[in-house]
Amino acid sequence: MTGFAFAPMITPSLPVEGQALRFPVRRIFCVGRNYAEHAREMGHDPNAEPPFFFTKPADALVQSGATIPYPPATADLHHEAELVVACGKGGANLTPEAALDIVWGYASGNDLTRRDLQAEAKAARRPWDMAKGFDRSAVVGAIRPASDGMPLGRISCHVDGRCTQDALISQMIWSVGAIIAHLSALVELAPGDLIFTGTPAGVGPIARGATVSVQIDGLSPATVTIV
Ligand code: MN
């Protein structure tokens with residue numbers, strides 16, 4: 001008989017709004033740039049390129065309401081308010097129309113970023129993993145089933161009650177269907193995959209002690225306190 005060398009890790013998961021269910025998380029993909037004004041604030045032409053992707057480990061997941069330590073190796077932790085898509089089915093080479101069929105639900109999210117490490121990585125043409133995929137870097141709220149509709153309204157971020165990001169989901173350069181279609185041409189998507197769909201303008205630093213809340217019309221907030 002064989003077994004594991006030690007107890008296997010517990011699958012990261014998220015609560016589902018209004019249901020006694022948890023959504024098991026397999027992988028976390030993120031879109032690099034998906035709102036024109038944010039692309040411009042980071043020094044890029046929003047019309048110049050197709051969507052690109054990076055990842056975070058699934059166990060970087062933080063449930064809304066948590067208090068987490070200020071991450072190591074940075075002096076410039078930033079918030080990025082984002083709509084998160086939760087896949088309930090898989091697929092490869094999906095059309096934008098077929099792509100929506102794999103969506104299980106939506107959530108609000110905060111793509112926490114060590115901006116100083118990202119700037120260094122960009123300058124040295126190195127990967128973003130340590131800027132984006134660090135421990136406790138993916139804050140996500142409760143998932144609302146897709147049957148309740150796709151969120152298209154307001155997305156905002158508040159740091160200690162002060163509004164720092166305020167945009168409309170409908171201003172995304174690439175729609176949810178287009179994002180999934182592009183991503184599914186690069187990897188075969190699977191049930192449990194989350195996709196952070198990019199952040200609007202207004203990203204900025206989070207001080208120690210601050211509470212950051214991402215709110216999307218119709219969804220539960222993704223709130224985290226950094227100590
Ligand atoms: Mn982001």
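Please give the number of the condition Gln118 fails out of (1) closer than 24 Å to Ala66 by Cα; (2) within 16 Å of the ligand (Cβ to nearest atom); (3) open to solvent by less than 20 Å² (accessible area, probe 1.4 Å).
Single failed check for Gln118: (1).
Which of (1) on the phi < 0 side of the Ramachandran plot; (2) surrounded by fewer than 16 Cβ atoms within 10 Å (Cβ to Cβ); (3) not in a strand (DSSP E or B) does Asn93 not meet, given it meets every other one?
(1)
Taking the conditions exactly as written (touching a helix residue (DSSP H, G or I) at 6+ places or on another chain (Cβ under 6 Å) and open to solvent by less than 10 Å² (accessible area, probe 1.4 Å)), does Ser156 satisfy them or not?
Numbers: touching a helix residue (DSSP H, G or I) at 6+ places or on another chain (Cβ under 6 Å): no; open to solvent by less than 10 Å² (accessible area, probe 1.4 Å): yes.
Considered against the rule, which asks whether it is touching a helix residue (DSSP H, G or I) at 6+ places or on another chain (Cβ under 6 Å) and open to solvent by less than 10 Å² (accessible area, probe 1.4 Å), Ser156 comes out as no.
So which residues in the range 183-212 are within 13 Å of the ligand (Cβ to nearest atom) and hydrophobic (A, V, I, L, M, F, W, C), if there are any at all?
Passing the criteria: Leu194, Ile195, Phe196, Ala201, Val203.
Considering the range 81-105 alone, what residues qualify as being away from the ligand (no atom under 16 Å from the Cβ) and within 16 Å of the chain's Cα centre (by Cα)? Outline the logic, then answer.
Keep residues of the range 81-105 that are away from the ligand (no atom under 16 Å from the Cβ), which gives 86-105.
Within the range 81-105, Ala86, Cys87, Val103, Trp104, Gly105 qualify.
Is there any pair linking a residue in the range 24-35 that is under 11 Å from Leu61 (Cα atoms) to one that is open to solvent by 40 Å² or more (accessible area, probe 1.4 Å) and near the ligand (Cβ under 10 Å from one of its atoms), with Cβ under 7 Å and at least six apart or on different chains, and which?
Qualifying pairs under 7 Å: none.
Do the conditions hold for Leu219, that is, is it away from the ligand (no atom under 16 Å from the Cβ), buried (at least 21 other Cβ atoms within 10 Å of the Cβ) and at pLDDT 95 or above? Lay out the reasoning, then the answer.
Working: away from the ligand (no atom under 16 Å from the Cβ): yes; buried (at least 21 other Cβ atoms within 10 Å of the Cβ): yes; at pLDDT 95 or above: yes.
In short, yes.
Within the range 36-83, track down each residue that is assigned to a helix (DSSP H, G or I) and farther than 24 Å from Ala167 by Cα. Give the steps one after another, and end with the answer.
Taking the range 36-83 and keeping what is assigned to a helix (DSSP H, G or I), we get 36-41, 58-60.
Matches in the range 36-83: Ala58, Asp59, Ala60.
Exactly one of these conditions fails for Leu14: (1) surrounded by 13 or more Cβ atoms within 10 Å (Cβ to Cβ); (2) closer than 18 Å to Trp174 by Cα; (3) more than 16 Å from the ligand (Cβ to nearest atom); (4) not polar (S, T, N, Q). Give me its number.
Status for Leu14: all satisfied but (2).
Tell me, please, whether a residue that is closer than 22 Å to Gly65 by Cβ, in a strand (DSSP E or B) and open to solvent by 10 Å² or more (accessible area, probe 1.4 Å) can be found in the range 164-185.
In the first step, residues of the range 164-185 are kept if they are closer than 22 Å to Gly65 by Cβ; the result is 164-165.
Cutting the leftovers down to in a strand (DSSP E or B) gives us 164-165.
Still in the list and also open to solvent by 10 Å² or more (accessible area, probe 1.4 Å): 164.
Among the residues of the range 164-185, at least one is closer than 22 Å to Gly65 by Cβ, in a strand (DSSP E or B) and open to solvent by 10 Å² or more (accessible area, probe 1.4 Å), which makes the answer yes.
Would you please name the residue that is farthest from the ligand (Cβ to nearest atom), looking only at residues in the range 121-153 that are assigned to a helix (DSSP H, G or I) and in contact (Cβ under 8 Å) with a residue 12 or more places away in the chain? It would help to see each step written out before you state the result.
Filtering the range 121-153 for residues assigned to a helix (DSSP H, G or I) gives 121-124, 129-132, 146-148.
Still in the running and in contact (Cβ under 8 Å) with a residue 12 or more places away in the chain: 129-132, 146, 148.
Values: Asp129: 14, Met130: 15, Ala131: 11, Lys132: 8, Ala146: 21, Asp148: 24 Å.
Looking at the filtered set, the residue picked out is Asp148.
The values are calculated or read from the model by the stated rules, or taken from the named source; none is laboratory data. Because the structure is a prediction, the values reported are computed rather than measured. A quick note on method: Cβ atoms are made from the backbone with ideal geometry, for glycine too, and the neighbour counts reach across all protein chains shown. Note: areas computed on protein heavy atoms with side chains; ligands, DNA, RNA excluded. Shrake-Rupley method; radii C 1.70, N 1.55, O 1.52, S 1.80 Å.
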